[in-house]
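J.: Okay, here's the structure, questions in a sec.
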Amino acid sequence: MAEPFINALIVAAGRGERMGGGLPKQYRLLGGKAVLRHAVEAFVDHPRVDRVAVAIAKGHEELADQALAGLDVTIALGGSQRSDSVRNGLSALRPGVVLVHDAARPFCPPRVIDRLLQAVSNSDCAVPVLPAADTLARGGEWLEAPVDRAGLVRVQTPQACHTNKLMDAFSRASGSTTDESTLMLAAGFSVATVEGDPMLDKLTLPSDWDRAEAHAAVGLVPRTGLGFDVHAFGGEGPIMLGGVPVPFPRGLAGHSDADVVLHAITDALLGAAGLGDIGQHFPPSDVQWKGAASDIFLSHAAELIRDLQGIIDHVDCTVIGEEPKVGPHRSAIRDNVAHILKVNASQVSIKATTTERLGFTGRGEGLAAQAVANIRLRVAG
């Protein structure tokens with residue numbers, strides 16, 4: 001029998017107001033990455049997941065684009081209730097199995113996904129659970145008698161369901177539900193349980209955020225790298241700066257596209273990670289890089305850092321030259337660098353300065369750029 005198509009649907013349409021801080025919690029940075037990105041990457045990186053969709057709130061499109069830059073995901077608009085978001089998100093999926101997950105649970109261990117996919121092959125739905133370890137009781141201002149916790153469990157996400165059966169359960173539902181297992185049980189479907197994981201606890205209150213930050217920072221140490229690049233003017237414009245074509249009568253001479261911004265940032269990242277310099281990875285003597293777009297170089301450096309389980313916290317680049325003026329293109333350059341690095345635009349700074357007509361840049365012979373990159377890498381061993 002053929003393996004079913006495996007979908008993942010990340011529900012991220014909430015407003016996240018209880019967490020505070022103004023920005024919805026799924027878009028706040030956690031260990032240098034948006035909470036939503038953490039949640040989505042767990043499924044994008046899993047070898048058995050074929051498609052990932054994300055249900056977001058209307059008006060959050062730009063936030064989602066920044067948080068998920070570079071990831072192969074499908075975006076769907078959510079609804080006012082969680083169940084509405086799941087129902088809408090199902091329309092973006094293929095028939096098979098769907099893993100419905102909350103964006104506010106950023107750390108989903110691969111082993112939990114494995115357990116769910118195995119269990120759902122013999123049931124209509126499967127959910128991760130943890131035993132209720134604390135004393136349970138009803139109460140408000142005054143505590144009432146405890147409730148027998150024997151057999152009680154805490155239900156987590158992701159929750160795995162056959163897509164056709166989940167759609168059937170929605171068609172029978174008379175109101176909103178808190179999760180898929182409740183919906184499936186109400187429709188008469190079987191729900192299996194698998195061992196959950198404390199890492200799947202939901203981010204709801206500020207104290208939860210402190211716990212998540214501590215986890216994201218475990219084993220990470222800060223590293224800083226410096227980068228510098230210079231190219232002489234030569235040929236016709238435009239000039240490439242940060243992957244953005246800037247109109248100018250003259251171009252920059254170089255083996256690749258001579259993008260001083262991307263070259264400087266690439267070297268800064270490689271230096272921070274202790275991975276040499278741009279010339280080692282992309283030798284100018286190699287003809288395959290002649291005229292190459294420099295986003296290839298920067299993307300490669302960022303991927304090397306991610307392969308080391310590192311986090312890019314911030315990059316800052318200063319363009320040095322009398323002209324062209326960088327100011328009108330600053331936002332476009334920043335956004336494009338962020339896109340290449342797969343980070344938020346707030347993690348990128350682009351500046352420009354002159355040398356008061358001194359030196360080769362002051363004489364209009366070329367442009368230079370210097371960059372600083374701050375990253376965190378996991379401690380070896």
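J.: Taking residue 272 and the conditions (1) of a type outside the set (Lys, Arg); (2) crowded, with 21+ Cβ neighbours inside 10 Å; (3) assigned to a strand (DSSP E or B), which numbered condition does it fall short on, given that it satisfies the others?
T.: (3)
J.: Only one of (1) surrounded by fewer than 24 Cβ atoms within 10 Å (Cβ to Cβ); (2) closer than 24 Å to residue 353 by Cβ; (3) at pLDDT below 95 fails for residue 258. Which number is that?
T.: The number of the failed condition is (1).
J.: Applying the selection to the stretch 240-279, what residues are touching a Lys or Arg at 6+ places or on another chain (Cβ under 8 Å) and not hydrophobic (A, V, I, L, M, F, W, C)?
T.: 242, 255, 256, 274
J.: Among the residues of the stretch 275-290, which ones are part of a loop (DSSP other than H, G, I, E, B) and of a type in the set (A, V, I, L, M)?
T.: The one that is part of a loop (DSSP other than H, G, I, E, B) and of a type in the set (A, V, I, L, M): 275.
J.: Looking at 144, 195 in this structure, which one is at pLDDT 95 or above, in the same structural domain as residue 26 (by TED's automatic domain parsing), surrounded by fewer than 15 Cβ atoms within 10 Å (Cβ to Cβ) and acidic (Asp, Glu)?
T.: On the way: 144 fails: at pLDDT 95 or above.
Among 144, 195, only 195 is at pLDDT 95 or above, in the same structural domain as residue 26 (by TED's automatic domain parsing), surrounded by fewer than 15 Cβ atoms within 10 Å (Cβ to Cβ) and acidic (Asp, Glu).
J.: So, in the stretch 62-91, exactly how many residues are in contact (Cβ under 8 Å) with a residue 60 or more places away in the chain, more than 16 Å from the chain's Cα centre (by Cα) and assigned to a loop (DSSP other than H, G, I, E, B)?
T.: 3
J.: Something else now. So which residues in the stretch 334-345 are at negative phi and touching a residue at least 24 places away in the same chain (Cβ under 8 Å)? Talk me through it step by step, then tell me what you get.
T.: Step one: list which residues in the stretch 334-345 are at negative phi, which gives 334-341, 343-345.
Those that are at negative phi and touching a residue at least 24 places away in the same chain (Cβ under 8 Å): 334, 336, 337, 338, 339, 340, 341, 343, 344, 345.
J.: Quick check on my filter: what residues within the stretch 334-374 are at pLDDT below 95, closer than 25 Å to residue 72 by Cβ, in contact with a helix residue (DSSP H, G or I) (Cβ under 8 Å, 6 or more places away or on another chain) and not in a helix (DSSP H, G or I)?
T.: 342, 344
J.: Would you point out the residue of the stretch 292-333, among those that are of a type in the set (Lys, Arg) and either assigned to a helix (DSSP H, G or I) or farther than 16 Å from residue 367 by Cβ (or both), that is modelled with the highest pLDDT?
T.: It comes out as 330.
J.: Continuing with this model, one more query. Residue 53 fails exactly one of the following numbered conditions: (1) surrounded by fewer than 21 Cβ atoms within 10 Å (Cβ to Cβ); (2) closer than 27 Å to residue 168 by Cα; (3) of a type in the set (A, V, I, L, M, F, W, C). What is the number of that condition?
T.: Checking residue 53 against (1) surrounded by fewer than 21 Cβ atoms within 10 Å (Cβ to Cβ); (2) closer than 27 Å to residue 168 by Cα; (3) of a type in the set (A, V, I, L, M, F, W, C), the one that fails is (1).
J.: Could you please tell me which pairs satisfy a Cβ distance under 6 Å, a separation of 6+ or placement on different chains, a first residue in the stretch 357-370 that is in contact (Cβ under 8 Å) with a residue 24 or more places away in the chain, and a second residue that is polar (S, T, N, Q)?
T.: 361/355; 362/355; 368/361; 370/318
J.: Is it true that some residue in the stretch 125-140 is in the same structural domain as residue 156 (by TED's automatic domain parsing), surrounded by fewer than 22 Cβ atoms within 10 Å (Cβ to Cβ) and either in contact with a His (Cβ under 7 Å, 6 or more places away or on another chain) or under 18 Å from residue 77 (Cα atoms) (or both)?
T.: No; the residues of the stretch 125-140 include none that is in the same structural domain as residue 156 (by TED's automatic domain parsing), surrounded by fewer than 22 Cβ atoms within 10 Å (Cβ to Cβ) and either in contact with a His (Cβ under 7 Å, 6 or more places away or on another chain) or under 18 Å from residue 77 (Cα atoms) (or both).
J.: Sticking with this structure for a sec: Within the stretch 147-158, identify whether any single residue is in contact (Cβ under 8 Å) with a residue 24 or more places away in the chain and part of a helix (DSSP H, G or I), and answer yes or no.
T.: no
J.: Would you mind telling me which numbered condition in (1) more than 30 Å from the chain's Cα centre (by Cα); (2) assigned to a strand (DSSP E or B) residue 194 fails?
T.: Looking at each condition in turn, residue 194 falls short on (1).
J.: Name the single residue that is nearest to the chain's Cα centre (by Cα) among those in the stretch 335-365 being crowded, with 20+ Cβ neighbours inside 10 Å and among the β-branched types (Val, Ile, Thr).
T.: Selected residue: 343.
J.: Mind checking whether some residue in the stretch 4-22 is more than 21 Å from residue 335 (Cα to Cα), touching a strand residue (DSSP E or B) at 6+ places or on another chain (Cβ under 8 Å), surrounded by fewer than 19 Cβ atoms within 10 Å (Cβ to Cβ) and modelled with pLDDT of 90 or more?
T.: Within the stretch 4-22, one or more residues are more than 21 Å from residue 335 (Cα to Cα), touching a strand residue (DSSP E or B) at 6+ places or on another chain (Cβ under 8 Å), surrounded by fewer than 19 Cβ atoms within 10 Å (Cβ to Cβ) and modelled with pLDDT of 90 or more.
J.: Going by the structure shown, is residue 240 surrounded by 13 or more Cβ atoms within 10 Å (Cβ to Cβ) and over 26 Å from residue 372 (Cα atoms)?
T.: No, not satisfied.
The values are calculated or read from the model by the stated rules, or taken from the named source; none is laboratory data. In this text the structure is predicted, and so the values were computed from the model without any measurement. So basically every Cβ, Gly included, is an ideal-geometry build from the backbone, and we count neighbours across all protein chains shown.
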